[in-house]
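Working notes, structure below.
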Amino acid sequence: MSDSSAVRALMAPRRSGEALVEPPLDAVAALLERNAELPKSRVELLGRSLADLAHLARTQMLDEAVRYSRQYRDVPDIAPHLPRIVLAGHQPELFHPGVWFKNFVLDRLARRHGAVAVNLVVDHDTCRQASIRVPTGSPHQPAVERVAFDAVVNAVPWEDRGIVDREVFRSFAQRAGTLLRPFVDEPLLEEVWPLAVDAMKRGAALGEALAQARHAFEGRIGLTTLEVPLSSLCRGEAFAWFAAWLLHEAPHVRAVYNDAVHAYRRANRVRSASHPVPDLAVDGEYCESPLWVWSRSNPRRRHAFVARRSGGMTLTDREGWTCDIPAADASPTAVVERLLALDGEGIRLRPRALTTTWYARTVLGDLFVHGIGGAKYDEVTDRIIADLFRIAPPAYLTATATLHLPVAHDAGASGKLREAKRRRRDLRYHAETVISSDDDHWRDAVRAKRACIDEFRRAAPLPWRREAARERHRAVAAANAAFAPWAANELRSLDTEESRLAERLRVEQILESREYAFCLFPRDAVVPMLSDLAGEGR
């Protein structure tokens, strides 16, 4: 078993207009070569090599991505030979420019290395809210308001989340734009949202409408990526084969998975039992698999459990649904066919978070581009791959950027507030070092404090006693209190200054948030910047 427990310290850039790309883009050629040389042919999943499964999965993915993307934008044909594939993925939401940056990086990598870039729309994750944060008020007195692009409903996976209130959806750009106008005159929302409304008219679900609008706009600005919902790939033979192997090997997968999670917690000093992900459980004869299961009629994600039985397996959510599956060691193809039939019965079988990137990195593509969160969690995935497949985990790239809304404002309040608080502490506890006075009473107070401290220093060391410590604290506090008349005026001034700086800091935190949706930015403040950071023209 692998003993690797590397801890990666990845931080998003603090300043607007900066990016993190790790390793640097110049190292990608070597990463692609290294990943291509991994001995996938010696890894077998139910008698099928990982290399063979990857070829099948990639062929299916590219065909499906071209078909899907052509529904709403022009897509060129792909060369008949299977090209290198660079991947990224995210939920179909209105994410911030740091997430959007990955798509610019994908486009740049594809151009440089003769690859095809595919963005996976991770639509089996849960849609928890249909709104975004929008700044409102004025640049001098800003506030933040959540603006809905659909009605509030129960949290369900994106792939089963339709558009509930078409008028709320249609009017979103106008309502958000009105609030945003004091900050941004012409946000991308004005170009992107009509594309989302067009998608709604075509019958797209909520997540599809958001993702298709963004991707169609990316086509307008020259990005050449393809997109495909992960749910559509989960309906194909390649993923069904991978899921069949997960279920057949559930006890072994669970042991390795949990060991990797525990190693992450030890290395990162994590105490929470739910971080980075919960352990896979055992419930009687049933072993939990790193998959989700839910039904179209009850679209709440539930944990998938499996039990080996004579002549087959039983798959269940432990909440009333069960499904009998043939034995994989007798006929893997029969298991795959049974899993492929589930979607037609209204049952969704989908990968959990770590399984998603595990599958994407080892099966779907040659190089995966993560954000910071995914890269950090894939410390766990690296160990799972190494210990289950006995190969080095494929290298991946981490990319994010920080962009602030282009709103002029005073900056630096945080540092000035720290300085003011430091000055306050000095006035309260070390006034004699920061104030000078010729007053005789001042000199007496200074001498008294020095004498108090000298007395404690001359005293023979004694075992610590609570009452003695309290006595020393009271004596020093009384000595410090004697300086209060000389510090009082400056402390009152600091009260006013700290209050003013606290308000300035509140304004800065609103205006300098990196979490605003990319569509709230003006085109000329975000597209050229992300293109340049991704290596445009270099």
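Looking only at the range 139-181, which residues are in a strand (DSSP E or B), under 18 Å from Leu210 (Cβ atoms) and open to solvent by less than 60 Å² (accessible area, probe 1.4 Å)? Steps first, answer last, please.
Here is the first cut: in the range 139-181, the ones in a strand (DSSP E or B) are 142-148, 156-157.
Those left that are additionally under 18 Å from Leu210 (Cβ atoms): 146-148, 156-157.
Correct list: Val147, Ala148, Val156, Pro157.
Considering the range 403-449 alone, what residues qualify as being under 35 Å from the mean Cα position of the chain (by Cα), open to solvent by 50 Å² or more (accessible area, probe 1.4 Å) and of a type in the set (A, V, I, L, M)?
Ala408, Ala411
Pairs under 9 Å by beta carbon, first residue under 12 Å from Phe483 (Cβ atoms) in the range 432-453, partner among the aromatic types (Phe, Trp, Tyr) and assigned to a loop (DSSP other than H, G, I, E, B), six or more apart or different chains?
Listed by first residue and then by second, the contacts come to Glu432/Phe483; Ile435/Phe483; Trp442/Phe483; Ala445/Phe483; Val446/Phe483; Lys449/Phe483.
Looking at the range 182-199, which of its residues are under 21 Å from Thr136 (Cβ atoms) and assigned to a helix (DSSP H, G or I)?
Leu189, Glu190, Val192, Trp193
Which numbered condition trips up Gly114, out of (1) touching a helix residue (DSSP H, G or I) at 6+ places or on another chain (Cβ under 9 Å); (2) modelled with pLDDT under 95?
All conditions are met except number (1).
Any idea which residue in the range 342-351 is surrounded by the fewest Cβ atoms within 10 Å (Cβ to Cβ), counting only those that are more than 30 Å from Arg383 (Cβ to Cβ) and in contact with a Ser or Thr (Cβ under 8 Å, 6 or more places away or on another chain)?
The qualifying residue surrounded by the fewest Cβ atoms within 10 Å (Cβ to Cβ) is Gly346.
Among the candidates Leu339, Leu354, single out the residue that is modelled with pLDDT of 95 or more, surrounded by 22 or more Cβ atoms within 10 Å (Cβ to Cβ) and touching a Phe, Trp or Tyr at 6+ places or on another chain (Cβ under 9 Å).
So the residue among Leu339, Leu354 that is modelled with pLDDT of 95 or more, surrounded by 22 or more Cβ atoms within 10 Å (Cβ to Cβ) and touching a Phe, Trp or Tyr at 6+ places or on another chain (Cβ under 9 Å) is Leu339.
So which residues in the range 200-213 are open to solvent by 10 Å² or more (accessible area, probe 1.4 Å), in a helix (DSSP H, G or I) and under 18 Å from Gln129 (Cβ atoms)?
Glu208
Do you know which of the residues in the range 1-42 that are open to solvent by 30 Å² or more (accessible area, probe 1.4 Å) and among the β-branched types (Val, Ile, Thr) is modelled with the highest pLDDT?
Only one residue tops the list, namely Val21.
Being among the aliphatic types (A, V, I, L, M), touching a residue at least 12 places away in the same chain (Cβ under 8 Å) and more than 30 Å from Glu37 (Cβ to Cβ) narrows it down to one of Val66, Val147, so name that one.
Answer to the selection: Val147.
Answer with yes or no whether Gly374 is at pLDDT below 95 and within 25 Å of Asp279 (Cα to Cα).
Here the answer is yes, as Gly374 does meet what is asked.
Yes or no, residue by residue, for (1) of a type in the set (Phe, Trp, Tyr); (2) more than 24 Å from Glu237 (Cβ to Cβ); (3) touching a strand residue (DSSP E or B) at 6+ places or on another chain (Cβ under 8 Å):
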| position | (1), (2), (3) |
| --- | --- |
| His55 | no, no, no |
| Gln60 | no, no, no |
| Ala65 | no, no, yes |
| Gln71 | no, no, no |
| Pro76 | no, yes, no |
| Ile85 | no, no, yes |
| Val99 | no, yes, yes |
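Checking the condition more than 24 Å from Ala110 (Cα to Cα), among the basic types (Lys, Arg) and modelled with pLDDT of 95 or more, which residue from Arg418, Arg348 passes?
Arg348
Could you pull out every one of the strands (runs of 3 or more DSSP E) wholly within the range 269-339 that has 1 or more residues that are among the hydroxyl-bearing types (Ser, Thr, Tyr)? Outline the logic, then answer.
Details: elements: 286-295, 302-309, 312-316, 322-326.
Once the strands (runs of 3 or more DSSP E) in the range 269-339 are filtered for at least 1 residues that are among the hydroxyl-bearing types (Ser, Thr, Tyr), what remains is 286-295, 312-316, 322-326.
Quick one: what pairs do we get from the range 177-191, first residue closer than 15 Å to His96 by Cβ, second open to solvent by 20 Å² or more (accessible area, probe 1.4 Å) and in a helix (DSSP H, G or I), C-beta under 8 Å, 6+ apart or different chains?
Pairs that qualify, where the first residue is closer than 15 Å to His96 by Cβ and the partner is open to solvent by 20 Å² or more (accessible area, probe 1.4 Å) and in a helix (DSSP H, G or I), are Leu188/Arg523; Leu189/Ala173.
Would you confirm whether any residue within the range 43-50 is touching a strand residue (DSSP E or B) at 6+ places or on another chain (Cβ under 6 Å) and open to solvent by 30 Å² or more (accessible area, probe 1.4 Å)?
The answer is no; no qualifying residue exists.
The values are calculated or read from the model by the stated rules, or taken from the named source; none is laboratory data. This one's a predicted model, so the numbers in the text were calculated from it and none came from an experiment. Using ideal geometry, Cβ is built from the backbone for each residue, glycine included, and neighbour counts are taken over all protein chains shown. Quick note on the areas: whole protein, heavy atoms, side chains included, nothing else; ligands and nucleic acids left out. Shrake-Rupley method; radii C 1.70, N 1.55, O 1.52, S 1.80 Å.
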